[in-house]
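Please read the structure below before turning to the comments.
Coordinate-derived values only; no laboratory data. What you are looking at is a predicted structure, and each value in this text was computed from that prediction instead of being measured. Cβ coordinates were reconstructed from backbone atoms using ideal geometry, including for glycine residues, and neighbour counts include every protein chain displayed.
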Amino acid sequence: GGSAMAAVRDVEIDPEGTFKYILVRLQRPDGGEQRDIVRGTKAAEFHNHIFEKVSPEMEKLGYECKCLGGGKIDHNSKDKKIRVFGLSTGYGKADHTVTVEILKKTYTDYEITWSDDKK
């Protein structure tokens, strides 16, 4: 069933500040359902730190994880604005347009933008 996948939140990011993020694809090993999720936190010094935390959690739920790339998120909760930019040295640049669409599902009343700017 899709219940386990539904239990996985689309977005888990810090409530404030600028931090690294990754776009992760979850897939059933049988090639069935798949979806993309966004994870980002100031606690991660490098993008792979985020993936190393997410991957085992998702494998427990029966998903294979693939990092589709990364970047940075600037989250301004006071002004309800999120900016997606930059890239990951290790994983390459995530498709920020995909990230924005996923963020919009959670932060429905936010202004969400993206660019290829480095900072």
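In a simple Cβ point-charge model (Lys, Arg +1; Asp, Glu -1; nothing else charged), region 1-68 has a dipole of about 60 debye relative to its Cα centre. Remark: region 11-115 is approximated by an ellipsoid whose semi-axes, taken from the C-alpha gyration tensor as √(5λ), come to 23, 15, 12 Å, largest first. Relative contact order, whole percent, for region 11-115 stands at 28, derived from Cα pairs under 8 Å and 6 or more residues apart.
Measure nothing but the geometry: give the 0 to 90° angle between the long axis through the Cα atoms of 47-60 and the longest principal axis through the Cα atoms of the chain, rounded to 10°. It works out to around 30 degrees. Counting only DSSP H runs of at least 4 residues, each contributing -39500 (n - 2.57), and dividing by the residue count of the chain, the helix-based mean residue ellipticity at 222 nm comes to -7500 deg cm²/dmol.
Using the crude model of +1 on Lys and Arg Cβ and -1 on Asp and Glu Cβ, and no other charge, please compute the dipole size for the chain relative to its Cα centre, in debye to 20. Present the calculation step by step, with values, prior to reporting the outcome.
On the way: 20 positive and 20 negative charges, 40 e Å.
For this selection, approximately 200 debye.
Lysine pairs in the chain whose alpha-carbon atoms fall under 15 angstrom of each other, counting only those eight or more residues apart or on distinct chains, come to 20.
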